[in-house]
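The values are calculated or read from the model by the stated rules, or taken from the named source; none is laboratory data. Computed from a prediction, not measured in an experiment: that's the story for all the values here. For neighbour counting, all protein chains shown are included, and Cβ atoms are generated from backbone atoms with ideal geometry for every residue, glycine included.
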Amino acid sequence: MELPTITLPAIHLPFDIPLLLHPPVDHFAIALPGVILLLELSNLVLKRRAVSITSFLFITLMAIMTGAAYFTGVTDGKEAFELLSDEGQEALRGHKNLGTYLMLASWIVWLAKLFSMMLSRRGIQIAYMVLLLLFVALILKQGKDGGELVYVHGANVAKVQELDDEMFDISEELDDLKAEMKKLKEIQPPVIEPELETEVPAASAPDANHTVEAEDKTKEVQQSEVDAPSAETLPQTTTD
């Protein structure tokens, strides 16, 4: 569920906000509500006024840091917006919108805490705790969305921006090469290669000399068998 877009009037500060100041400021703005919630939960058991005053001071600091996170985020967002993809730009718009709500809500939490301390009524204290829990949940979501802007979309990451520029240059060069190849194909007709006739090698005739030699050897063997006296024609000698 997306929150309705809220736009604040432009506020011109008497000084320039440096770039890349948003991350450290934002970390404080995200951590403080969790600390305040722990103090309030512990004070439900302890019921010490000193703990309640400490919590109020932390809420005051939280509201100030949330405002600082908003202004530093606007500065960094302007620098990163043009370099992001369409999806990244849409995510950045949503991140800024939720940040605006959180900046205003931090002062509502501050007022709720002030009233709960002044009036000491159970209904006001319950309403304050509900507001605080909701604020903590929303600011944690804001931190998650901010991390995705950096790690997924590469917001304000110099190396990612350099790689994007290189990819853009390579894409342009590739388009130019494709255009040149298309022109060359239009100028030069395709060359048709002649079909090569495949010659079937003739079967090699048997070696005539080898055949003649084999026949001569066969005849010699047969002649030697005829000339040799067989064992059956030899005279047999008898012994008395």
### Query
Would the range 71-91 turn up any residue that is touching a Ser or Thr at 6+ places or on another chain (Cβ under 6 Å), small (Gly, Ala, Ser) and in a helix (DSSP H, G or I)?
no
### Query
If you go through the range 46-99 one residue at a time, how many are at positive phi and either touching a residue at least 60 places away in the same chain (Cβ under 8 Å) or touching a Pro at 6+ places or on another chain (Cβ under 9 Å) (or both)?
0
### Message
For the range 1-30, give me the residue count where each residue is surrounded by 10 or more Cβ atoms within 10 Å (Cβ to Cβ) and either touching a helix residue (DSSP H, G or I) at 6+ places or on another chain (Cβ under 7 Å) or of a type in the set (Asp, Glu) (or both).
### Response
14
### Message
I want to confirm something. Restricting to the range 114-130 and keeping residues that are of a type in the set (Gly, Ala, Ser) and more than 18 Å from ARG48 (Cβ to Cβ), which single residue is surrounded by the fewest Cβ atoms within 10 Å (Cβ to Cβ)?
### Response
GLY123
### Task
State which residue is modelled with the highest pLDDT when the search covers only the range 148-165 and only residues that are in a helix (DSSP H, G or I) and over 14 Å from ASP76 (Cβ atoms).
GLU148
### Task
Determine whether ALA127 is closer than 22 Å to ILE6 by Cβ and either in contact with a helix residue (DSSP H, G or I) (Cβ under 7 Å, 6 or more places away or on another chain) or not in a helix (DSSP H, G or I) (or both).
no
### Query
Out of curiosity, is ASP145 surrounded by fewer than 18 Cβ atoms within 10 Å (Cβ to Cβ), under 20 Å from the mean Cα position of the chain (by Cα), within 17 Å of PHE28 (Cα to Cα) and acidic (Asp, Glu)?
yes
### Task
Only one of these is part of a helix (DSSP H, G or I), β-branched (Val, Ile, Thr) and surrounded by fewer than 12 Cβ atoms within 10 Å (Cβ to Cβ): ILE36, ILE64, ILE53. Name it.
ILE53
